[in-house]
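The values are calculated or read from the model by the stated rules, or taken from the named source; none is laboratory data. Treat the numbers as computed from the prediction; the structure is a model and nothing was measured. Positions of Cβ are backbone-derived with ideal geometry, glycine not excepted, and every protein chain shown enters the neighbour counts. To get the accessible areas, we keep the full protein, side chains included, count just its heavy atoms, and leave off ligands, DNA and RNA. Shrake-Rupley method; radii C 1.70, N 1.55, O 1.52, S 1.80 Å.
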Amino acid sequence: MRAAPDSAYEFADDIPIEPIRPGTTVLVAGPALSRAEDLALSLVADGTDGDGALFVSTNASAENLLDACERSHAAFDPSRAGVIDCTGRDLSGARFDAQVRSISTQSDLTGIGMRFSALYESLYADATEGQVRTGLVSLSSLSMYVDLRSLFQFTQTLTGRIDSAGGLGVFAIDPTTHDTKTVNTLGQAVDGRVEVRDAEGDADGELRIRGLPDQPSGWRPFSLS
């Protein structure tokens, strides 16, 4: 690998998050109907004009995920993207512009980790400045297949690789489906948290940032393109 990049990760103007330093992983936490997962996808998909985008998808097929990124982000470049499809769907015969790998079951954390490492290396090599954004959607889905200890260790492994390569990690979780201990335990493996809730008016939601330096305080509205 090349030296870790120095440039901070930036986001769309309608998302009130200041640039985040390389090597950071954040937990995007919000209930299923709050647009939290959409926000997590957006934070990753926004960067394909120069960064690589690597998705670990447990909720949607690779085809549906890539379609969603292309519909909501006019500048999304699938040739700079990779997807690890953990839904168990048969991808034989499917054609993608992105690099896609499949896992037969979400309980195969070792298989996910191996494919993650291979895809990350490929996307890292092709990225303009060696920067890769990783989106895991979602930890809540994985928790239905593995115990908390295994999921925590898996999360730590991914965040360690992201940190050493100067990447950005965005991991979605629905805190309403877990007890407080589970959310707090998984939160210990990341650097900060972006909490998401519904908003009134034209905004798609509101977010609040915890644990990251140089970020705005309090709840702020956001809009997704």
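Taking the conditions (1) open to solvent by less than 10 Å² (accessible area, probe 1.4 Å); (2) assigned to a strand (DSSP E or B) in turn, P221 satisfies each one other than (1).
Among the residues of region 139-168, those that are within 15 Å of G192 (Cα to Cα) and surrounded by fewer than 20 Cβ atoms within 10 Å (Cβ to Cβ) comprise Q156, G160, D163.
Based on this model, can you work out whether F222 counts as among the aromatic types (F, W, Y), at pLDDT 95 or above and in contact with a Ser or Thr (Cβ under 8 Å, 6 or more places away or on another chain)? When the stated conditions are applied, F222 does not pass them.
A quick yes/no check of all residues on (1) open to solvent by less than 60 Å² (accessible area, probe 1.4 Å); (2) free of Cβ contacts under 8 Å to residues at least 40 places away in the same chain:
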| residue | (1), (2) |
| --- | --- |
| A12 | yes, no |
| A36 | yes, no |
| G47 | yes, no |
| S72 | yes, no |
| G111 | yes, yes |
| A118 | no, yes |
